[in-house]
Amino acid sequence: MYLGIDLGTSEVKLLLLDADQHIVASVGEPLTLSRPQPLWCEQNPEDWWTAVERGVAQLRQAQATALAAVTAIGLSGQMHGAVLLDNQDRVLRPAILWNDMRSSAQCEELEKLVPTSRQITGNLAMPGFTAPKISWVAQHEPEVYRHIAKVLLPKDYLRLRLSGEFVSDRSDAAGTMWLDVKQRDWSDAMLNASGLRREHMPRLVEGCQPSGTLRPALARAWGMGEGIIIAGGAGDNASSAIGMGTIADGQAFISLGTSGVFFVANDSYRPNPQQGVHTFCHALPGKWHQMAVILSAASCLRWVTQATHAADEVSLLNEIEAADQKEFLRAPVFLPYLSGERTPHNDPNAKGVWFGLSHDTGRAALGYAVIEGVAFALLDGYRALQSAGTNVERASLVGGGSKSRYWSSLLASVLGLPLVRHGGSELGAALGAARLAMLARIPDVNVATICAPPPVTDVIEPRSNSADFLQPRFERFQKIYAALRPSFSE
């Protein structure tokens, strides 16, 4: 039996997987965000650990025998977050998260300090990454910075609590701006630019390798056995790829979660930092991946649902689908940059915009504009991937937004790609973590067999008659952003 733990932004998911890859049980524990100032986003790492303990208690109550049979644990987590510890492993301040945009000035400073940073890391310096966050702390919270003994990523803080070990995996570490992504090792030049050294960093392993064992006291408290291996694990997107079977060159998935991700697996290192494409290590040795990332996806739908006082997201999507679709020819165009943007703009100051409102604009049109705008942002990202020589024939679709067939069909039409939906895709990252635990426990097992795609529920083809309608709106979408970009930073 294997336990996958996925530390997300809004909840911690725990999943029990048996040796035949049947999901025995899964639970979720909610998390909250703190936004103490504009552009800031933080969480208390202690809340993550409390959520894990609550989740384990739920599993023990419902599946005590299965939990006791666990032989390995895998970890998945939200990337880029900065957990700062002193020399007694105490948390120095709330963790600064992936969608925190306060450190744009520090990004420019880092690239000036290390002119070859893009060649080393394969990425633009972006406020979401970990390194500029530390530079911000150094400048604005020098007393905190002075006491930093270790910097951990979110899931690796859970590992410390589970095992007492300071370890990270290479897929997650690739999102810090401190990793030489091609060499899969820490870069001294990038660490020096943050005033850090290798001793501030965790030891690196591949995601499918053991990183330590569960503390005996925890194992006893949770009703589990001894010698339970903890796998290296992965950043949430690489872990989702393991769960979705996206491991071979050219395989892809799109996530419509809080953020939006277009993920493509690669057999070689193929960076394109100029257009904001993320190039990271995959969770398996000798593999990499590219990502186009938009910072607001399903979160935009949640926002417009609240703003228009719809009952819930499903109700609003049903209202959009029931409307006269010809009315959407006159719908506003929406820029979905509620938290700034990464690919392809790298613009932390970008804002959400409805353009083209009139007295006739109703809730359905506003909702349609929002989900269309998210689709257009993902098309921008896909074009950035294509400019790096990456093309895909079809992509799996995961995340909460994928539950809507209407939105899925719109996205397929915008991208011009067939989209595949799978059963259990909402558990992709937790499933991936459990699969990595299995690989760490049984290292000679066939990776492709363990990392097979989940069963396909349906394939959504692009609508053949939609291009004439969507293309002019996409061109307007691009023009509006280009026209407004100078104003966003004023």
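Measuring from label point to label point, each 7 Å out along Cα→Cβ, what is the Gln58 to Arg118 span in nm?
Here the modelled spin labels are 4.4 nm apart.
Report relative contact order for the range 298-364 in percent, whole number only (criteria: Cα-Cα under 8 Å, sequence separation at least 6).
About 27 percent, as a whole number.
Counting helices only, and only those DSSP H runs with n ≥ 4, report the 222 nm mean residue ellipticity of the chain as the sum of -39,500 (n - 2.57) divided by its residues, in deg cm²/dmol to the nearest 500.
Helix-only estimate at 222 nm: -11500 deg cm²/dmol.
By Kyte-Doolittle mean hydropathy of at least -0.5 and Cα axial length of at least 30 Å, which whole DSSP H helices of the chain are selected?
363-387, 467-488
Give the ranking of Leu153, Leu113, Leu338 by solvent-accessible surface, highest area first, calculated with a 1.4 Å probe.
Descending order: Leu113, Leu338, Leu153.
Grab the beta carbon distance between Glu11 and Arg215, set R0 = 22 Å, and tell me the FRET efficiency rounded to 0.05.
Efficiency computed from Cβ-Cβ geometry: 0.35.
How large, in percent, is the carbon and sulfur part of the accessible surface of the range 404-482 at a probe radius of 1.4 Å?
55
What dipole magnitude, in Debye to the nearest 20, does the chain give about its Cα centre under +1 on Lys/Arg Cβ and -1 on Asp/Glu Cβ?
So the magnitude is around 340 debye.
Taking 8 Å as the Cα distance limit and 6 or more residues as the minimum spacing, I'd like the relative contact order of the chain as a percentage.
RCO, the chain: 16 percent.
With a 1.4 Å probe and all protein chains left in place, how much accessible area per residue does the range 413-490 have, in Å²?
Per residue, the range 413-490 has 48 Å² of solvent-accessible surface.
Where does the charge balance sit around Asp380 when Lys and Arg score +1, Asp and Glu -1, over other residues with C-beta under 14 Å from its C-beta?
With Lys, Arg at +1 and Asp, Glu at -1, the net is +2.
Roughly how many Å² of Met201 are accessible to a 1.4 Å probe, to the nearest 10?
About 10 Å², rounded to the nearest 10.
Could you pull the accessible area for Glu321 with a 1.4 Å probe, rounded to 10 Å²?
Glu321 has an accessible surface of roughly 110 Å² with all protein chains in place.
Relative contact order, percent, of the range 324-478 when contacts are C-alpha pairs under 8 Å separated by at least 6 residues?
22
Give the peptides 475-487, 130-142, 290-302 in descending order of average Cβ contacts within 10 Å, highest first.
Listed from highest to lowest mean packing, they are 290-302, 130-142, 475-487.
To the nearest 20 debye, what charge dipole does the range 333-490 have about its Cα centre, counting +1 at the Cβ of each Lys and Arg and -1 at the Cβ of each Asp and Glu?
Dipole of the range 333-490, to the nearest 20 debye: 160 debye.
Run the count for the chain, please: Lys pairs, Cα-Cα under 30 angstrom, 8 or more apart or on different chains.
The result is 28.
Please give the FRET efficiency for Glu475 paired with Val447, using the beta carbon to beta carbon distance and R0 = 45 Å, rounded to the nearest 0.05.
Efficiency at R0 = 45 Å is approximately 0.55.
Of all GluC sites (Glu not before Pro) in the range 63-150, which ones are in loop regions per DSSP and have a Cβ with at most 10 other Cβ atoms within 10 Å?
Answer by residue number: there is no such site.
Which one of His345, Ala375, Ala252 is farthest out on the positive end of the charge dipole of the chain, using unit charges on Cβ (Lys, Arg +1; Asp, Glu -1) and the Cα centre as origin?
Farthest towards the positive pole: His345.
Can you give the accessible area of Val24 in Å² (nearest 10), computed on protein heavy atoms with a 1.4 Å probe?
That residue has around 50 Å² of solvent-accessible surface.
State in Å² the accessible area per residue of the range 116-261; use a 1.4 Å probe, count heavy atoms of protein chains only, and round to the nearest integer.
30
In what sequence, largest accessible area first, do Glu53, Glu226, Glu341 appear using a 1.4 Å probe?
Glu226, Glu53, Glu341
Considering only protein heavy atoms and a 1.4 Å probe, what is the carbon-and-sulfur percentage of the accessible area of the range 56-168?
50
Return the whole-Å distance between the Cα centroid of the range 36-62 and the Cα centroid of the range 334-392.
31
The values are calculated or read from the model by the stated rules, or taken from the named source; none is laboratory data. Remember, predicted model here, so these are calculated numbers, not experimental data. Because the Cβ atoms are built from the backbone with ideal geometry, glycine has one as well, and the counts that use them run over all protein chains shown. All accessible areas refer to the heavy atoms of the entire protein, side chains included, with ligands and DNA or RNA removed. Shrake-Rupley method; radii C 1.70, N 1.55, O 1.52, S 1.80 Å.
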